[in-house]
2 protein chains.
Amino acid sequence: MPTQTEENYLKAIFKLSGNEKELVSTNAIAEELETKASSVSDMVKKLSEKNLINYVKYQGVSLTNEGRDLAVHIIRKHRLWEVFLVNRLNFKWDEVHDIAEQLEHIRSSELVNKLDAFLCYPNYDPHGDPIPNAKGEFPKTTAIPLSEVQSKSKVKVVAVELDEPGFLNYLDKLNISIGTQVEILEVNDFDDSIDIKIDDVQRHISVEVAENILISVL
Amino acid sequence: MPTQTEENYLKAIFKLSGNEKELVSTNAIAEELETKASSVSDMVKKLSEKNLINYVKYQGVSLTNEGRDLAVHIIRKHRLWEVFLVNRLNFKWDEVHDIAEQLEHIRSSELVNKLDAFLCYPNYDPHGDPIPNAKGEFPKTTAIPLSEVQSKSKVKVVAVELDEPGFLNYLDKLNISIGTQVEILEVNDFDDSIDIKIDDVQRHISVEVAENILISVL
DNA sequence: TATAATTTTTAGACATGTCTAAATTAATAT
DNA sequence: ATATTAATTTAGACATGTCTAAAAATTATA
Ligand SMILES: [Mn+2]
Ligand SMILES: [Mn+2]
Ligand SMILES: [Mn+2]
Ligand SMILES: [Mn+2]
């Protein structure tokens, strides 16, 4: 059984290794977990001894199948609890991440699966992130960042890449939520900012915001 | 903020000090938490420095108002989660204690209160134990152990004193649950065992079982 | 009241996870 | 290729919570 700390390391490595399963650097993990590189070095050694990651000194780390599976199941719990908090307890989408960070470490496979059933097997969490099933399989998604969209198209917001309250509050202010239809009016070459229209209201968003909004083209 | 370990100590001390707020001994705490007396000595010193307990060396400990309040709120969370697990997720009453031991340490007063509302402000948990409200006040109960009942009376089970699966399973086998009506037929002086009748079926229970069943006389 | 038994505390050690500072290795620039 | 810079690891320390073994205080017994 990994400790809570170990689980957080596995989750961070999963997040940082992306779809192409790149090697993850010590520094990247340290930044993600807001800890020091020396602490990461220590932990990485331990996870490697437990066969949860592959680790070659100075080369970075990658998850083993077992490590990946653990990480995915923690993410599953995190996202299911977020659904519970928003859909059943009426939390707002910007209030649930920190609570889910705690709940994701509760150990009971019975509990996860019953929670999943209670929530009617949701495929996406309140931020549009895919929820792996009990086998650890993610529902397929084809979303791309809003920052990569060509000019003059109509798109639909399907997910956000950040769970931070500051960002989510800002989206609320812009009237952007999961499912919102957005018309791209113009991409400004100078700073990659975008002019958009939502419900006939024209708005302007920076590239930093656009990068963290995932959409599908309509 | 107390750590999870500190919370468990406070909860143990609350449980052991009973209604009359007796002083709790080091050994009693050690036994309750399945740890060693020397560890308790260390922790008790720390909790005392944080003003969560009153501690005089060799004399035992008692909770301060602040310590009591913390303990009560952990118990509140424990019991609310147990209600959630049984009433919403369809767990059986003998399956929820260990999961609630984990969930009780989740930190978010918003969460507790929303959960309370979601569950419609229950007064008792699945084992009949009273659930303190947000102010830390317990609903009044006048239950007494079945072992203290006089012969030839009709009583109703209102709570159980043990959360252990073994005990709860045994009660299931006896067809005893919260609300069950029991007729006391005879108390056997020799071993304090009791002959009872439930739904016209006669049964025999030991004093160990009777001590852990709380009833109110009808 | 003196002695024995029990309870509690202290001393010293260990495991986990963190840190700073120093050493080592790898990457970059001249 | 060598020097500089950056990334990573190691060494040594600290905090938390645990343990065993020994010392001290309390309680029970004679
Ligand atoms: Mn989240
Ligand atoms: Mn999310
Ligand atoms: Mn319980
Ligand atoms: Mn209970």
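The values are calculated or read from the model by the stated rules, or taken from the named source; none is laboratory data. Note that this is a predicted model, so its numbers are computed, not measured. A quick note on method: Cβ atoms are made from the backbone with ideal geometry, for glycine too, and the neighbour counts reach across all protein chains shown. Calculation scope for accessible area: heavy atoms of the full protein, side chains included, ligands and nucleic acids excluded. Shrake-Rupley method; radii C 1.70, N 1.55, O 1.52, S 1.80 Å.
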Tell me the residue from B:Tyr121, B:Tyr170 that is in contact (Cβ under 8 Å) with a residue 24 or more places away in the chain, hydroxyl-bearing (Ser, Thr, Tyr) and open to solvent by 30 Å² or more (accessible area, probe 1.4 Å), please.
B:Tyr170
When you scan region B:15-26, do you find a residue that is within 16 Å of ligand 4 (Cβ to nearest atom) and farther than 25 Å from A:Arg107 by Cβ, even just one?
no
Taking the criterion of being away from chain B (no Cβ under 14 Å) and closer than 22 Å to A:Phe167 by Cα, would at least one residue in region A:107-122 satisfy it?
no
For region A:209-218, which residues satisfy the criterion of being in a helix (DSSP H, G or I) and within 16 Å of A:Lys173 (Cα to Cα)?
A:Val209, A:Ala210
Looking at A:Gly136, A:Gly60, which is the one that is more than 16 Å from DNA strand C (Cβ to nearest atom) and either touching a residue at least 60 places away in the same chain (Cβ under 8 Å) or touching a strand residue (DSSP E or B) at 6+ places or on another chain (Cβ under 6 Å) (or both)?
A:Gly136
Looking at B:Thr35, is it closer than 20 Å to B:Glu101 by Cβ and outside any helix (DSSP H, G or I)?
yes
Region A:184-194, subset free of Cβ contacts under 8 Å to residues at least 40 places away in the same chain and more than 14 Å from A:Leu214 (Cα to Cα), residue most open to solvent (accessible area, probe 1.4 Å)
A:Phe190
Subset of region A:25-41 that is within 15 Å of A:Gly60 (Cβ to Cβ) and under 17 Å from the mean Cα position of the chain (by Cα) - its residue that is nearest to DNA strand D (Cβ to nearest atom):
A:Ala28
Residue in region B:83-98 that is nearest to the other protein chains (Cβ to nearest Cβ), counting only those that are open to solvent by less than 10 Å² (accessible area, probe 1.4 Å) and of a type in the set (Val, Ile, Thr):
B:Val96
Please go through region B:124-153 and pick out each residue that is closer than 24 Å to B:Asp94 by Cα and open to solvent by less than 20 Å² (accessible area, probe 1.4 Å).
B:Asp125, B:His127, B:Gly128, B:Ile131, B:Pro132, B:Leu146
One residue is enough: does region A:128-141 have a residue meeting the conditions within 12 Å of ligand 2 (Cβ to nearest atom), within 14 Å of chain B (Cβ to nearest Cβ) and more than 22 Å from B:Ile99 (Cα to Cα)?
no
Which of the residues belonging to region B:6-48 are within 21 Å of B:His73 (Cβ to Cβ), open to solvent by 60 Å² or more (accessible area, probe 1.4 Å) and within 14 Å of DNA strand C (Cβ to nearest atom)?
B:Glu32, B:Lys46
For B:Lys197, work out the one condition from (1) farther than 30 Å from B:Glu6 by Cα; (2) in contact (Cβ under 8 Å) with a residue 24 or more places away in the chain it doesn't fulfil.
(2)
The residue from A:Leu70, A:Leu52 that alone is in contact (Cβ under 8 Å) with a residue 60 or more places away in the chain, away from every other protein chain (no Cβ under 14 Å) and more than 16 Å from ligand 4 (Cβ to nearest atom) is A:Leu70
